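The values are calculated or read from the model by the stated rules, or taken from the named source; none is laboratory data. Not measured: the values here are computed from a predicted model. With ideal geometry, Cβ positions are generated from the backbone for all residues, glycine too; neighbour counts draw on all protein chains shown. Ligands, DNA and RNA are excluded from the accessible area calculation, which covers all protein heavy atoms including side chains. Shrake-Rupley method; radii C 1.70, N 1.55, O 1.52, S 1.80 Å.
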Amino acid sequence: MAHPSPDHRPGRSPSGTHFPTGWFTRRRRPATARSVLAGEAAAEAARKSTQEAPAADEALDETPREPEFPVVGDTSAAAFFDLDNTVMQGAALFHFGRGLYKRHFFHKRDLARFAWQQIYFRLAGSENPEHMADVRNSALSIVQGHRVAELMSMGEEIYDEYMAERVWPGTRALAQAHLDAGQKVWLVTAAPVETATIIARRLGLTGALGTVAESVGGVYTGKLVGEPLHGPAKAEAVRALAAAEGLDLSHCAAYSDSANDIPMLSLVGHPYAINPDSRLLKHAREHGWRLRDYRTGRKAVRVGIPAAAVVGALAGGAAAAVALQRRRR
C-alpha cells in the first residue's frame, strides 16, 4: 500500500512544522481569497466596534453631559443678568456714587448722614422696613430738583472711569453666547435704569431693567415709581417683560450671585449661580442649578454699598417714568 510522502501529509508543512488540521478546509482557497475574506471580516468588525463605542463610553462616564445651550435660533428664549458681582466686580451704585461725589454732586453733610445710616444697617444685619424707608427718603431729597440730563451725562463719564475695566470676562462671554444664538440679553438690577442702560449699551446687550425714579419736565421729583427693583420685584419685571416680548420662560436663562435673586432665578428654565454667595451656593446645589465662579484666589469679599452710593440708587429711571406718566394721561 502506497503512503503519501511526508511533504503531502495533512497537518505538516513542507518544512515539517506541525499545524492543527482544522486550519485546512476541504477546498483550499488561494492566498488572495483568504486575504479578501480576512479583510472583509476585519472591516465589518471595525464598523461594528465604532457603532458600539459611544454606548460603551457613555456607560463609563458617570457625569451627565449638559445639552447644548443656549440653543441657536430659539427666539422664544432670552437671558437675564443681575449686574453687581455677576456682570461687574463690586456694586455699580458704589462706582456711580463715587463718581457723583467726585463731581461735587452732594455735600459732605449728606455723606455723613448716609454713612451713619449705612453703619446702622450693617450692625442691625436686617432690612428693617422703617429704617430702609428713612434711607430711601434721605437719598431722594438729595436728587430732588436735579436734571435727568445732568446725571445721564455724568453716568457716561463714570462708566468709563470706574466700571468698564471691572466687567467679568467670563460672564461677558456667557452673555455673548446668547447674543450669538440670536437671543436678547437684559440686565436686571436695582441700579438706576439709566445707569443700567448705559452699561448694557456699552456691552452690546439688548437693554436693561432697573429702578425707576419719577421726573417732571426732566427734573427729579424726589419720588420713585413703585419701589427699588430688588428681590421679588426683579422676578415681576422679568415676568412682565417676557409677556410683552412673547418669551417662553422655560427656555430662558437667568444669572445672579445673590440669594436675593432666587425668585428671578426660579422663574426660568435655566438658572445659573455666578460667583454665588453662601446662601445661593447652598440653594443652587440643592436644586441642581449650574454654577460658575470667576473669582480667583481666596473667595472674593463682596463689596458693600458705601453711603455715597445710595444717591446712585435713586438717580435714574426718569425716561421710563416719563413714558409711564404719559401713558397714564
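With the requirement that a residue be among the aliphatic types (A, V, I, L, M) and within 18 Å of residue 229 (Cβ to Cβ), what does region 250-279 give you?
Those that are among the aliphatic types (A, V, I, L, M) and within 18 Å of residue 229 (Cβ to Cβ): 254, 259, 262, 264, 265, 267, 268.
Kindly indicate the residue of region 163-182 that is open to solvent by less than 10 Å² (accessible area, probe 1.4 Å) and not aliphatic (A, V, I, L, M) and also farthest from residue 87 (Cα to Cα) among those meeting that condition.
Once the filter is applied, the top-ranked residue is 178.
Could you list all residues from region 207-235 that are open to solvent by 30 Å² or more (accessible area, probe 1.4 Å), in a loop (DSSP other than H, G, I, E, B) and over 16 Å from residue 261 (Cβ atoms)?
Once the filter is applied, which keeps residues that are open to solvent by 30 Å² or more (accessible area, probe 1.4 Å), in a loop (DSSP other than H, G, I, E, B) and over 16 Å from residue 261 (Cβ atoms), region 207-235 yields 217, 225, 226.
Can you list residue pairs whose Cβ atoms sit under 6 Å apart, with the first residue in region 192-206 being open to solvent by 20 Å² or more (accessible area, probe 1.4 Å) and the second being among the charged types (D, E, K, R)? Count only pairs 6 or more apart in sequence or on different chains.
If the second residue must be among the charged types (D, E, K, R), the pairs left are 206/184.
Output the residue which, of all residues in region 266-285 that are assigned to a loop (DSSP other than H, G, I, E, B) and without any contact (Cβ under 8 Å) to a residue 60 or more places away in the chain, is surrounded by the fewest Cβ atoms within 10 Å (Cβ to Cβ).
269
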